[in-house]
Amino acid sequence: MNLKYINKIKANISIFSSKKTNNILDGTYKSIYRGKSMNFENLREYVINDDIKDIDWKSSARHRSLLVKQFIAEKKHNIMLVMDTGLKMSADTDSNEIKKDVALYTAGTIGYLAIKNNDYVGMTYNKNDLIITKKLRYNLYNLEEYLTEYDKNACLNNNEGLEKTLTYLSRNSKKKMIIFVITDLKGLNSISTKILKELSLMHDVLFININDAYMFGDNLYDLDSNEYLPNILLNDEKLVNMEKETKEKIYNDNKERLRKNKICLISISNLKEINNKIIELLESHKYANFS
């Protein structure tokens, strides 16, 4: 099988890692696990690029040198990639990239890191009201297959969308998983608090919002109305500012709603920032204080 997506993801991670002087992205992934899924192993001396949040200050004071905590995972983990396949994913981001592409390579990067860590990766999405669940597997050929299938089935006009997908997952998942939900602002806002609570009780849940394009420029197409927006609207500064404020409020309200359910959220606009944003999300999840 030609690993079209995997090879591109691998190249992007390699470039990112060389710029950072070490594989910080891979290291951050290994620190994702919270609670009982990580065991304390020992202390070692601090080296450059260690996270200062892992420093054991009391032990460091006693030994008069900086010491950091090392952890090991108890077992393999189950990573489930939940993908939004709504028609709106065919629209552009605020960086003029297709939302579906950004979602695909974000999911692929997470899956690649998981498989390198010997974890299992699956994928779930809605295909014309039929929930498709790809089994948890741990090789790159399966991941390539999942990404290929998502690429074919994204941007479909689903009625139930993400809520139905997450409800199915909540009702039918018997294994504890780390769930990455990749959607956009409309998808995020469509999910009920009830299903968020159900998922977070059993699983670790992380959300990734793929940013929408703003309502300005020329020849913008509205997927909801199935027509191009009039230029008189696109050049109205007041309307543009109102749209930005509305989107920011929806995003912030949902971020707080997720926080109350012990769920972290980040936003991604383009392919270049995927690696940094994944680090941001994993770090937020690792050190989150949800109290």
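The values are calculated or read from the model by the stated rules, or taken from the named source; none is laboratory data. None of the values given here were measured: they were computed from a predicted structure. All Cβ positions, glycine included, derive from the backbone under ideal geometry; neighbour counts span all protein chains shown.
Scan the stretch 261-275 for residues that are in contact (Cβ under 8 Å) with a residue 60 or more places away in the chain and more than 28 Å from residue 194 (Cβ to Cβ) and jot them down. 269, 270, 271, 274, 275, listed by residue number.
Of 184, 151, 204, which residue is in contact (Cβ under 8 Å) with a residue 12 or more places away in the chain and closer than 23 Å to residue 2 by Cα? One residue alone meets the criteria, 151. Report yes if residue 146 is modelled with pLDDT under 95 and of a type in the set (Ser, Thr, Tyr), otherwise no. No; evaluated as a whole, the condition is false for this residue.
Residues that are more than 22 Å from residue 106 (Cβ to Cβ) and modelled with pLDDT under 95: list the helices (runs of 4 or more DSSP H) wholly contained in the stretch 205-291 that include at least 2 such residues. Correct list: 231-234, 237-260.
Checking each residue in the stretch 110-126 for being farther than 12 Å from residue 143 by Cα and part of a helix (DSSP H, G or I) picks out no residue at all.
Residue-wise test of (1) outside any helix (DSSP H, G or I); (2) without any contact (Cβ under 8 Å) to a residue 24 or more places away in the chain; (3) within 23 Å of residue 287 (Cα to Cα).
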residue: 68; (1), (2), (3): yes, no, yes
residue: 76; (1), (2), (3): yes, no, yes
residue: 79; (1), (2), (3): yes, no, yes
residue: 103; (1), (2), (3): no, no, no
residue: 108; (1), (2), (3): no, no, no
residue: 135; (1), (2), (3): yes, yes, no
residue: 142; (1), (2), (3): no, yes, no
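Here is the figure for the stretch 26-48: residues that are modelled with pLDDT of 75 or more, assigned to a helix (DSSP H, G or I) and over 21 Å from residue 108 (Cβ atoms) total 0. Looking only at residues in the stretch 149-171 that are assigned to a loop (DSSP other than H, G, I, E, B) and within 19 Å of the chain's Cα centre (by Cα), the one that is modelled with the highest pLDDT is 154.
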